[in-house]
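Read through the structure below, which is laid out as structure tokens, and then see the notes.
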Amino acid sequence: MENYEELKKHVNILLVDDDLDYIQVTAFFLKTKGYNVDIATSGSDAINKVSNGNFHIILLDYYMPELTGEDVVNKIREFNDRVIIILQTGFAGQQPPEETLKRLNIQNYHDKSDGVEKLLLQVTAAVRIFNQQNLIELSRYRINAMGKLVKGIAEELKTPLLSIGASMEATKMIVESIKSDTGAEAYGKLNSAYLNSKNQIERIDKICKTIINQTDEGNSKVGLTVADIVETLKLMTANEMRTRGVTLEENIALKDESYVYGSIDDVIFILCEIVHKLTEKSNVGDKILLSMRENSNAWYISLSSDKSYLLNKTQIYLIKNIIGRIDSIGFEEVANQYVIELKKNKGE
């Protein structure tokens, strides 16, 4: 399990207050404790920064001119219902009612007169909440993706089973042909059916090995080829896309035998989740483009469609948070494309 010092490296805090002395002292204190801190000195500034940035915890002054803390929370909750908010007031008597905290989905309250050490405890708890949110969300992605994978495998098994059936029929033919001197023709049919079955079974075997590698938590050095990643993703999403009449197009600018090392199973689950969200927004005949390219430092996997702009900001916020916790992996939105970066391990 990741220790706290590692966890807080992935957390971005926004400190919002119109008191310049307080904001400077508090921001400095939190930075000395190893936190990533940005500041906003007004409610409108805070709303703008949260909408355009990737903040996980907001330390928000409740009483500010122009927009109050309650106004700010209402605006932020319109587009982000997951960011953790801790309200701050100058005096204990200014504490907002419990009903307000519940209604606005505010996680905690801090009285500034209790000092920065008390605030530090609040932030510590918030970081752990943030981590638990990510673990729960990733677990949901994993369960959804594996369910789709099972359906995909079931679909894939149909063709090999039909081939095995054809082989049995051909075997019957060759046995019967012994008496009719048509053995050569029957043998050709049997051989063709055998080769087809062999190819199909080898494909299923490769897919099963990929699944076993991904679900083996003790193995973090499994090497998957680019083809393995694409094939697994297609299996996870094929049934849903087929049902909705959506197609997956590929633009792969890599060698098939390019190996990606490390624990990348979570990336495959996240890719599956993005495809799932894009498919939900798509209509019959729509296409989702899967692109892969590489340079000397990393592989880049991108997903895009004409409906990318319809994805909910909260969904993308959650995906960013999860990927942000995984070492050597990055995530970026570029012109309605969702790009995952897998950094190459120079030691491999």
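The table below lists the values:
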{"item": "Contour minus Cα-Cα distance for Lys234 and Phe79 (0.36 nm per residue)", "result": "52.7 nm"}
{"item": "For the stretch 4-114, convex hull of alpha carbons as volume per residue, Å³", "result": "102 Å³"}
{"item": "Among the listed pairs Lys287/Lys343; Lys9/Lys313; Lys75/Lys281; Lys234/Lys277; Lys8/Lys31, those beyond 20 Å (Cα-Cα)", "result": "Lys287/Lys343; Lys9/Lys313; Lys75/Lys281"}
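FYI, it's all coordinate maths here, none of it is from the lab. As the structure is a computational prediction, the values presented were derived from the model and not from experiment.
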